[in-house]
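The values are calculated or read from the model by the stated rules, or taken from the named source; none is laboratory data. Predicted model, so just to flag it, every value in this text is computed and none were measured. Cβ placement follows ideal geometry from the backbone for every residue including glycine, while neighbour counts extend to all protein chains displayed. Only protein heavy atoms, including side chains, enter the accessible area calculation; ligands, DNA and RNA are left aside. Shrake-Rupley method; radii C 1.70, N 1.55, O 1.52, S 1.80 Å.
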Amino acid sequence: MYRVFEALDELVAIVEEARGIPATRNCIVPRPETLDLLDDVRDALPAEIDDAQDVLDHRDKIVDDARGLAEETVRSADEQATTTVADARAEADRILAEAKAHADRMVAEATAHADRMVDTATNEAQRLVADAKAEYESVTGRARAEADRMTEAGRASYDRAVADGQAEQRRLVEETEVVRAAHAESARLIDTAQADSDRMRADCDHYVDSKLAEFEETLGGALRTVGRGRQQLRNGSGVPDYAAEFRR
């Protein structure tokens, strides 16, 4: 490569030192020396430059080939992309179908579980109501029987007191003081019997009221338990433990 630059320097020197033609800008150079220097330049140029010239000579064909290859590559890439997108869409559809089927199955299982819990809660509430009603009937029946017994006992005591008073009144009717005392005792006995009857009736009413209050508290607790169970079912926080509620 050094010889190329040296030959070029010599050609420049020949041109600069050549004799000029009058009235023109041309000059006369020695042909043999100039041709020899040009041959040296040609021989000293590397083969890559010649190859580069060949590439330049065939650049249109190379560009066309490269363009064709690029188009083929793009077409192949498009086909591959289309296939890939189709496969991805099919896979996505399959995954979506499986997810939807799984979600439907989970919803069905949750619905069935919720229905079972609601049925259980309903049956438990109905059982509690039935037990409470039976307890109410039992307590009411016992209270009614006790009230009837106490009322009958009060009436019998009153009747005995009245009979005793009347008998005593008849026995003491001849004596004024005795009669007055008999009237007073009779009135006292009547008042006492009436007071005993009123007391026994009040005791009976109190007993019945206390039993009804206990039943009302039991029934209210059952209703509150059922309400909390329904709220837990709606909130999805699990199956309520009714037995634990009644153990408190």
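Among the residues of segment 129-144, not a single one is free of Cβ contacts under 8 Å to residues at least 12 places away in the same chain, of a type in the set (V, I, T) and over 30 Å from S197 (Cβ atoms).
Which of the following residues is without any contact (Cβ under 8 Å) to a residue 12 or more places away in the chain, open to solvent by less than 90 Å² (accessible area, probe 1.4 Å) and in a helix (DSSP H, G or I): A114, A153, A97?
A97
Does at least one position in segment 58-77 carry a residue that is outside any helix (DSSP H, G or I) and open to solvent by 70 Å² or more (accessible area, probe 1.4 Å)? Looking for residues that are outside any helix (DSSP H, G or I) and open to solvent by 70 Å² or more (accessible area, probe 1.4 Å), one finds at least one in segment 58-77, hence yes. Take segment 6-48 and flag every residue that is small (G, A, S) and part of a strand (DSSP E or B). Scanning segment 6-48 gives a single hit, G20. Residues in segment 11-29 that are open to solvent by less than 60 Å² (accessible area, probe 1.4 Å) and either within 60 Å of the chain's Cα centre (by Cα) or not aliphatic (A, V, I, L, M) (or both): 2 in all.
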